[in-house]
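Heads up, the thing below is written out as structure tokens.
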Amino acid sequence: MGFEHVNFLAVGVAAVAAFALGALWYSPVLFGTIWQKLLGLTDEHIAEANMGLIFGSSFVMMLVMSLGMALLIGAAPGEVDIMTGVHYGLLIGVMFVGTSMAINMLYQRKPLKLWFIDAGYQIIFLVIMGVIIAAWR
């Protein structure tokens, strides 16, 4: 598994796409209001956060995830197409990320609705990453 099959432009675009989806997903247009309520976060509490640090760190983590996806897809046997990206995104999203988040939320005693919001976002953006990276391989 090396970097010879990594399209770094695709990695960057996939990370930007995941970040943009998050901006919409956690906005009041979709799930932001209910997510905030489920976590018990007030507008004041959110306003006190260092959003530059949070957004910047999140984007770096999305770049790392996107690079990991590119490395895995780059090592895929046979023909790689968009469905390969969908399969890898779903596999990683459902079997690893979603389940890991579920374990944490069980111990934290968080509501199932919160898991659907957070895991749903992660699974969808991993599929999007997989599609972008596979399409540009």
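The values are calculated or read from the model by the stated rules, or taken from the named source; none is laboratory data. Computed from a prediction, not measured in an experiment: that's the story for all the values here. Here Cβ is always computed from backbone atoms with ideal geometry, including for glycine, and neighbour counts include all displayed protein chains.
For the reader, a short list of remarks on this structure follows.
- Enumeration of residues in region 39-71 that are modelled with pLDDT of 95 or more, of a type outside the set (Gly, Ala, Ser), over 13 Å from residue 14 (Cα atoms) and in contact with a Phe, Trp or Tyr (Cβ under 9 Å, 6 or more places away or on another chain): 55, 71
- Applying a threshold of 7 Å to beta carbon distances and a minimum spacing of six or more residues, or different chains, the list of pairs starting in region 117-134 at a residue that is within 18 Å of residue 73 (Cα to Cα) and at pLDDT below 95 and ending at one that is β-branched (Val, Ile, Thr) and in a helix (DSSP H, G or I) is empty.
- Taking the criterion of being outside any helix (DSSP H, G or I) and surrounded by fewer than 16 Cβ atoms within 10 Å (Cβ to Cβ), the residues of region 77-88 that qualify are 77, 78, 79, 81.
- Given (1) of a type in the set (A, V, I, L, M); (2) modelled with pLDDT under 95; (3) farther than 25 Å from residue 130 by Cα, number of the condition residue 34 does not satisfy: (2)
- In region 8-64, the qualifying residues are those that are outside any helix (DSSP H, G or I) and touching a residue at least 40 places away in the same chain (Cβ under 8 Å), and the one that is farthest from the chain's Cα centre (by Cα) is 31.
- Search result, residues across region 102-116 that are surrounded by fewer than 18 Cβ atoms within 10 Å (Cβ to Cβ) and part of a helix (DSSP H, G or I): 102, 103, 104, 105, 106, 107, 108, 112, 113, 115, 116
- Filtering region 6-49 to residues that are over 26 Å from residue 65 (Cα atoms), surrounded by 12 or more Cβ atoms within 10 Å (Cβ to Cβ) and β-branched (Val, Ile, Thr) leaves 33, 34.
- Residue in region 15-22 that is farther than 24 Å from residue 116 by Cβ and not aromatic (Phe, Trp, Tyr) present: yes
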